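Remarks on the structure that follows.
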Amino acid sequence: MGGKLSFLVGMGVGYVLGARAGRGRYDQIAEKAQAAWRDPRVQERVGQAQGLAKEKAGQAAHEVADRAGHAQQALRDKVASSEDGSTST
């Protein structure tokens, strides 16, 4: 119970302090975040991450297609062997 009360008090204090900071502080924080996002070093890392994600997605697509092909062939083999077995009895 004490943990919940402490949490609620903390939420209240955070709300009051945030409300006092107001829109101006929010705008300051937002501008700093935008400036960081526009930084060429950040954008370089973003490009690297996108390239890596595309590469890994391509590899995953090939792996899925390969496994699907193996599963399809295994199913065909199973169906063929069960048809062969049922006609001989």
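By how many degrees, 0 to 90 and rounded to 10, does the Cα axis of helix 2-38 deviate from the longest principal axis of the chain?
Roughly 80 degrees between the two axes.
Could you list the square roots of 5 times each eigenvalue of the Cα gyration tensor of the chain, that is, the equivalent ellipsoid semi-axes, sorted largest first and rounded to whole Å?
60, 27, 8
Every number in this text was worked out from the coordinates using simple rules, so none of it is lab data. All of these numbers come straight from a predicted model, not from anything done at the bench.
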